[in-house]
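Beneath this line is the structure, given in structure tokens, with notes to follow.
The values are calculated or read from the model by the stated rules, or taken from the named source; none is laboratory data. Just so it is clear, the model here is predicted, and its values are computed rather than measured. Every residue, glycine among them, receives a Cβ derived from its backbone with ideal geometry; neighbour counts consider all protein chains shown. Quick note on the areas: whole protein, heavy atoms, side chains included, nothing else; ligands and nucleic acids left out. Shrake-Rupley method; radii C 1.70, N 1.55, O 1.52, S 1.80 Å.
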Amino acid sequence: MNAIGLVAFALVGATKAIREEFDLFGVAVVGLVTAFAGGATRDILVNRVPLALQSPIEIALGVFGVALAIGVSVALESADDHPITLFSDAVGLAAFTTTGAIVATGVGVSGFGVVTIATINAVGGGAFADILLDRSPFILLEDFYASCAVLGGGTYWIITLLGGSGSVAAAICAAVTVGTRMAAVTYGWTLPTAQVLRTSA
């Protein structure tokens, strides 16, 4: 799960930087931050050294994702909103949500902690990348994105609470996360803003 998430999010983050016309170093930085920042935050919260600082394989996977993004941008026009990129983003979101939930469960935090760490693991990298891209983190706006990680992490916790195995919980968590994200992209789901609620009232 972690390896899939690293490649997918490095590709997505680098693609965003390419759209903003960053140079290749900037593309690599944004791609790697997208891939690693959420997991590093997760590891700090559970009091362990971030995996990115322990294994060269982790970095290699991130660099591979960046290279894929560069290749896709050369081959395709508007690569940042191409179905390949959108699906990669959904897969990365699901993989990191599941990884975060597994790690959080392993250290024995509460149900709220499981959902929180799963969500941070999933969307933290994208939030840091948006800051580097000089814009408000889109997870704080109306897009139905972080909510998918919350649903996935909550699903993982409920299944384990009911006695389900970790592997079953992981598979269903990933399916719920990627399924809700792709549905949100397909059908244009968004969360309402306070302004919309005020208008409707």
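Within the stretch 156-172, residues that are without any contact (Cβ under 8 Å) to a residue 12 or more places away in the chain sit with their Cβ atoms under 7 Å from residues that are open to solvent by less than 60 Å² (accessible area, probe 1.4 Å), at 6+ positions apart or across chains, in these pairs: Val168/Ile159.
Within the stretch 94-110, the set of residues being hydrophobic (A, V, I, L, M, F, W, C), open to solvent by 10 Å² or more (accessible area, probe 1.4 Å) and over 13 Å from Thr155 (Cα atoms) comprises Val103, Val107, Val109.
When residues in the stretch 144-183 are screened for being touching a Cys at 6+ places or on another chain (Cβ under 7 Å) and more than 24 Å from Ser110 (Cβ to Cβ), 1 of them pass. Scanning the stretch 140-156 turns up no residue that is modelled with pLDDT under 95, more than 25 Å from Leu11 (Cβ to Cβ) and either hydrophobic (A, V, I, L, M, F, W, C) or touching a strand residue (DSSP E or B) at 6+ places or on another chain (Cβ under 9 Å) (or both). Of the helices (runs of 4 or more DSSP H) lying entirely inside the stretch 111-201, those carrying at least 3 residues that are within 14 Å of Thr97 (Cβ to Cβ) and open to solvent by 20 Å² or more (accessible area, probe 1.4 Å) are 111-132, 146-161, 166-187. Can you confirm whether the stretch 20-41 contains a residue that is open to solvent by 40 Å² or more (accessible area, probe 1.4 Å), within 20 Å of Val178 (Cβ to Cβ) and of a type outside the set (Phe, Trp, Tyr)? No: the stretch 20-41 contains no residue that is open to solvent by 40 Å² or more (accessible area, probe 1.4 Å), within 20 Å of Val178 (Cβ to Cβ) and of a type outside the set (Phe, Trp, Tyr). Filtering Val91, Val66 for residues that are open to solvent by less than 30 Å² (accessible area, probe 1.4 Å) and touching a residue at least 12 places away in the same chain (Cβ under 8 Å) leaves a single hit, Val66.
Restricting attention to the stretch 42-63, report how many residues are assigned to a helix (DSSP H, G or I), touching a Phe, Trp or Tyr at 6+ places or on another chain (Cβ under 8 Å) and surrounded by fewer than 18 Cβ atoms within 10 Å (Cβ to Cβ).
Going through the stretch 42-63 one residue at a time, the tally reaches 0.
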